[in-house]
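What follows is a set of notes on a single structure, which appears directly below.
Readers should treat all values here as calculations from the given coordinates under stated rules, not as data from a laboratory. Because the structure is predicted, anything quoted here is derived from the model rather than measured. Glycine also receives a Cβ, built like all others from the backbone with ideal geometry; neighbour counts cover every protein chain displayed.
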Amino acid sequence: MHPFIYPSPSARDVYQYIFPQLADFDPESLELIPVLIKAIPEEVKITEGPYAGSIKFTMEYLPDAKWDDGKDITAADYIFSIKAVKNIRVKAGGYRSHLQFISDVVVDPNNPKKFDVIFSKDYLLAKETACTLETYPAHIYDPKGVTASLSLGDVADEEKLKEIIAKDSTIMQWVDDMNGLKYGREIVNSCGPYQLSEWVTDEYIILDRKENYWAKGTSSPFLMAGPKRIVFDILPDETTAITQLKEGNIDLMPEVSGSVFSNLQSEENNYQYLTPQLTKYYMIALNNDSPELSDKTVRKALGHLIDIDNVIKSIDYGNGTRTVGPIHPGKSYYNKSLSPLSYDVKKAKSMLAEAGWKDSNNDGTIDKMIGGNQTELELDMYVSEGKLGQQIALLMKEATAGAGIKMNVIQKPYKQIENEHLKKKDFDMTPMMVRQDLVLDDPYSRWHSDHTKLGGRNIYGFENEEMDRITKEIQISDDPNVRNKLYSRVQEILYEEQPVIFLYAPSERIIANDKWNVSSTVRRPGYLANTFTLK
């Protein structure tokens with residue numbers, strides 16, 4: 001439960017009730033609304049003084065906003081949170097890329113709750129970046145104040161930080177605590193309506209409502225404290241989850257497979273069926289560093305070896321829209337000129353032959369000389385317990401066999417796949433779901449070569465000079481027309497290079513017990529459990 005270090009979709013579904021952001025997207029209007037601050041700030045261009053050429057946003061925490069121990073939430077907590085992310089020794093790489101243009105935070109000398117966030121460049125998502133940050137209580141996450149004397153420049157500079165750590169070892173101890181279980185599990189504290197009460201690994205997580213809560217009685221959907229207790233059951237597979245749902249042991253189940261959703265809808269039961277159109281997509285991640293997959297022709301050929309239209313129709317019951325890249329098809333700058341790859345085994349075989357892959361030893365598997373060795377085209381696809389991923393893997397295994405490729409389907413829990421293979425880049429292929437926010441897309445953190453290092457979000461090892469340049473241009477482009485052309489080019493490059501196989505964007509499928517007043521939202525994960533009330 002550590003937003004900066006582990007901002008995974010599953011963790012976020014839970015910690016959003018503990019760590020509210022300064023502002024968030026209204027579940028109905030989808031507009032950015034204040035949560036912990038008085039108002040959404042306006043961008044101000046700085047024309048003189050030491051920050052000339054920069055922009056700033058002025059924000060002020062609500063006067064009543066307090067931590068659990070009664071201490072006021074102040075600008076010092078915001079600064080601590082920024083420092084924690086920007087500290088290059090803290091494992092917050094994914095988050096850090098979004099804050100790269102924050103150069104300083106200046107506190108109002110007359111009001112400790114009011115402050116200016118300075119951006120060195122007019123970044124695409126500057127306002128959202130400044131406002132949609134989770135705030136950590138500095139006095140709890142840094143009780144000795146070891147980071148107080150460090151500037152934002154100090155923590156972001158490798159050499160400066162190395163010199164400071166050499167003189168003060170307590171900073172490295174704090175870094176280890178931030179990266180470890182101490183602040184990821186043992187101490188989990190912020191100003192949200194719920195607190196972590198119990199956590200049994202791989203079984204359940206319990207959040208309890210705070211009774212002496214500073215925002216008690218609020219109408220804010222993000223600070224509301226409805227149910228007295230929220231229990232997140234961690235179940236091994238969908239079959240188990242459906243059994244628990246039918247027995248009344250769980251009240252809500254998200255990400256239901258198309259077949260189960262359709263079958264239950266045809267029965268008489270006391271459930272609500274919700275289908276919010278979340279911004280997410282399915283893809284098959286490919287390891288571009290693998291000798292077999294380093295050739296884009298091979299990657300493109302693989303894209304022709306999965307019948308995605310059939311997957312949408314027969315497995316997902318028509319509940320999806322084909323996509324050619326990471327931009328959601330519902331967005332205005334989605335590149336409609338690109339046609340999704342067709343299912344064509346014959347074309348795939350021709351492309352593989354063009355890339356030099358032929359069955360020279362007549363053993364049924366195509367091969368090629370790589371680095372002086374005869375290499376068979378044999379790929380491992382790791383799949384988790386999810387039915388969709390398993391079905392996609394089986395369909396692709398059959399199609400690739402027809403093209404002379406040997407595919408091994410290896411099933412493991414997703415956590416294992418992530419830790420043992422994806423993070424170490426020890427994989428060939430794996431199906432994945434990518435969730436997105438409601439803001440403009442920032443392709444930098446997932447598709448720039450800066451993030452190919454171990455632990456970075458570019459787990460595919462994709463590197464392209466033009467992509468590197470364009471993703472940085474997008475971040476500082478303030479002309480929508482220019483930006484949309486850059487978005488189109490990003491999609492074209494990914495279409496040409498096929499670093500991953502983009503599948504489709506599904507609608508969410510949520511089943512909820514009818515005893516609750518439940519509403520769905522496009523904002524991920526599609527619901528807010530803290531707003532539920534009994535009918």
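Key figures for this structure:
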| item | result |
| --- | --- |
| Charge sum, other residues only, whose C-beta stays under 11 Å from Asp233's C-beta, Lys/Arg counted +1 and Asp/Glu -1 | -3 |
| Net lengthening on full extension, Asp176/Asn249 (0.36 nm per residue, minus Cα-Cα) | 22.4 nm |
| Furthest towards positive pole of dipole, Asn517, Pro506, Ile493, structure part segment 477-535, Cβ charges | Asn517 |
| Efficiency of FRET between Lys121 and Val345 - r from beta-carbon atoms, R0 45 angstrom, step 0.05 | 0.40 |
| Positive-end residue, segment 377-535 charge dipole about Cα centroid, Cβ charges, pick of Phe462, Thr430, Tyr414 | Tyr414 |
| Rg/Rh for segment 332-419, where both radii come from Cα atoms and Rh is the Kirkwood radius | 1.06 |
| Nearest-20 debye value, the chain charge dipole, Cβ charges on Lys, Arg, Asp, Glu | 340 |
| Hydrodynamic radius (Kirkwood) for segment 394-453, which is based on Cα pairs only, to one decimal in Å | 14.4 |
| Whole-number D in µm² s⁻¹ for segment 280-506, Kirkwood Cα-pair radius fed into Stokes-Einstein, 37 °C, 0.692 mPa s | 181 |
| Size of charge dipole - segment 315-447 - debye, nearest 20, with Cβ of Lys, Arg +1 and Asp, Glu -1, no other charges | 340 |
| Enclosed volume per residue, in Å³, of the convex hull spanned by Cα atoms of segment 178-265 | 149 |
| Rounded tilt (10° steps) of 480-497 against the dominant C-alpha axis of the chain | 40 |
| Modelled label reach - Asp233, point 7 Å along Cα→Cβ, segment 170-205 residues with backbone N closer than 18 Å | 198-205 |
| Peptides ranked, highest mean first, by Cβ atoms within 10 Å: ranges 295-306, 507-518, 17-28, 331-342 | 295-306, 17-28, 507-518, 331-342 |
| Computed helical MRE - 222 nm, the chain, DSSP H runs ≥ 4 contributing -39500 (n - 2.57), nearest 500 | -7500 deg cm²/dmol |
| Cα extents of segment 33-154 along the three principal axes, largest first (Å) | 40, 33, 26 |
| Dipole of segment 23-157 [Lys/Arg +1, Asp/Glu -1 at C-beta], most positive-end residue of Ser103, Pro41, Ala23 | Ser103 |
| Dipole moment magnitude, nearest 20 debye, segment 23-157 about Cα centre, only Lys, Arg, Asp, Glu C-beta charged | 540 |
| Between segment 1-70 and segment 147-212, the alpha-carbon center distance in angstrom | 18 |
| Alpha-carbon centroids, segment 107-135 and segment 439-482: separation in whole Å | 23 |
| Between 0 and 90°, nearest 10: helix 158-167 axis offset from the chain longest Cα axis | 50 |
| Per-selection Rg to Rh, segment 340-379 - Cα, Kirkwood hydrodynamic radius | 1.03 |
| Segment 390-505: projected area of the alpha-carbon convex hull, averaged over directions, in nm² | 8.6 |
| Around Ala403: net Lys/Arg minus Asp/Glu count, Cβ-Cβ under 12 Å | +3 |
